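Reading through the structure tokens given below for one structure.
The values are calculated or read from the model by the stated rules, or taken from the named source; none is laboratory data. As the structure is a computational prediction, the values presented were derived from the model and not from experiment. Neighbour counts run over all protein chains shown; Cβ positions are idealised from the backbone, glycine included. Quick note on the areas: whole protein, heavy atoms, side chains included, nothing else; ligands and nucleic acids left out. Shrake-Rupley method; radii C 1.70, N 1.55, O 1.52, S 1.80 Å.
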Amino acid sequence: TPGLGYYSGGSCKFGAEGDFVTSPEISPVFGQCLARQCQQVFTQLEQPEILEFGAGSGALAVALLRELMRLDDLPERYLILELSAELRHRQQQRLREEVPELFERVVWLDSLPDTFNGVVIANEVLDAMPVQRFRVDQGELFEQFVAVDGEGFALRWEPVQSSSLKADIEQLFPNGLPNDYESELNPQVAPWVEALSEVMASGLVLLIDYGYGRPEFYHPRRDRGTLICHYRHRAHNDPLVYPGLQDITANVDFTAVAEAGLAAGFALAGYSSQAFFLMGCGLDQIVAETDQSDAAGYLDLVQGVKRLTLPTEMGERFKVLGLSKGVDGPFIGFSVREERERL
């Protein structure tokens, strides 16, 4: 139903008036840190660009461009691949108002460019991809479907028919299938990463999202999966409530993303929590250089940093996985703590 999908509809999704808050909305410090990682990569490339997937409200693009302008290291172009016409309009309006001098550098795309050199940023993109829910019960595998039930919808479990889906599920549990266990997998990750690799000549891909390495994702105690819905900052687990009006999401299996990257020709540049990644990108220095005479502004900054880095907030739950091609590390974002052993 065109126009009635969650991201194509007109309601506000991000920030205090929406359904959830992302890191760029919490504080511009997030974008300032990413800008420094971009700057490190830019030194190895000629005419580098930035490609942001799903730019949301445009907050990250604004913060990145402002900081890179301050660092005198702007990209040749800032590309935004945005499939939602409604969000694209909001992004254009915000960038035109907040960074008018840089607006001409920003280009909106409907599909991947033919070739790309630079830094790809996908912040909370992978969690928005559709997932396949599955259930293991007494050695039998089932997949979940949405069925019409009168004037509404209902969830149905049916035996898995696809041999490839069976194999994908079974390889998640090398020690044998669990019992009375539900979870999900993302079949789109591998083709998405492969398509990105085909157009990327050289650069760094930064994938930032909430999730786990496979041992944690498919832990025996996480036996009902990670699917979750958000509506007006309230979370629940019923995807059939408010169809088209609520956010439906699932955590990311970062092991699957890393495997897809290696299979597609990328190198694993690093894996770390968001807190350690931001610290590696100079978070402490950015805070130290902030004007403390503006008490209200400084307090707002500190509160934002806490939300981005504390383990009880976003610091540990969000991870950053880097994939590289044609550029050399080590990369500053993974310099404080490298945690690829958790994959």
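Yes or no, residue by residue, for (1) at negative phi; (2) open to solvent by less than 20 Å² (accessible area, probe 1.4 Å); (3) among the acidic types (D, E):
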{"position": "Q37", "(1), (2), (3)": "yes, yes, no"}
{"position": "A63", "(1), (2), (3)": "yes, yes, no"}
{"position": "E82", "(1), (2), (3)": "yes, yes, yes"}
{"position": "A85", "(1), (2), (3)": "yes, no, no"}
{"position": "R96", "(1), (2), (3)": "yes, no, no"}
{"position": "V120", "(1), (2), (3)": "yes, yes, no"}
{"position": "P130", "(1), (2), (3)": "yes, no, no"}
{"position": "R135", "(1), (2), (3)": "yes, no, no"}
{"position": "E140", "(1), (2), (3)": "yes, no, yes"}
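Restricting attention to segment 264-307, and to residues there that are of a type in the set (D, E, K, R) and in contact with a helix residue (DSSP H, G or I) (Cβ under 8 Å, 6 or more places away or on another chain), which single residue is surrounded by the most Cβ atoms within 10 Å (Cβ to Cβ)? The residue in question is R307. V148 fulfils the conditions (1) modelled with pLDDT of 95 or more; (2) more than 15 Å from P75 (Cβ to Cβ); (3) among the β-branched types (V, I, T) except for a single criterion, (1). Answer with yes or no whether L165 is closer than 30 Å to Y7 by Cα, open to solvent by less than 70 Å² (accessible area, probe 1.4 Å), at pLDDT 95 or above and not β-branched (V, I, T). Yes, satisfied.
Conditions tested, residue by residue: (1) open to solvent by 20 Å² or more (accessible area, probe 1.4 Å); (2) hydroxyl-bearing (S, T, Y); (3) at pLDDT below 95.
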site: G10; (1), (2), (3): yes, no, yes
site: E17; (1), (2), (3): yes, no, yes
site: L34; (1), (2), (3): no, no, no
site: L71; (1), (2), (3): yes, no, no
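Listed here are the strands (runs of 3 or more DSSP E) enclosed by segment 100-209 that have at least 1 residues being β-branched (V, I, T): 106-109, 116-123, 132-137, 140-149. Taking residues in segment 94-118 that are closer than 12 Å to L51 by Cβ, and partners anywhere that are open to solvent by less than 50 Å² (accessible area, probe 1.4 Å) and of a type in the set (S, T, Y), the pairs with Cβ atoms closer than 6 Å and at least 6 places apart or on different chains are V106/Y78; N117/S202.
Where helices (runs of 4 or more DSSP H) fall entirely within segment 271-343, those with at least 2 residues that are on the phi < 0 side of the Ramachandran plot and in contact with a Cys (Cβ under 9 Å, 6 or more places away or on another chain) are at 274-280, 283-288.
Just the residues that are open to solvent by 30 Å² or more (accessible area, probe 1.4 Å), acidic (D, E) and within 27 Å of L308 (Cα to Cα), please, taken from segment 207-258. Within segment 207-258, just E216 meets the criteria.
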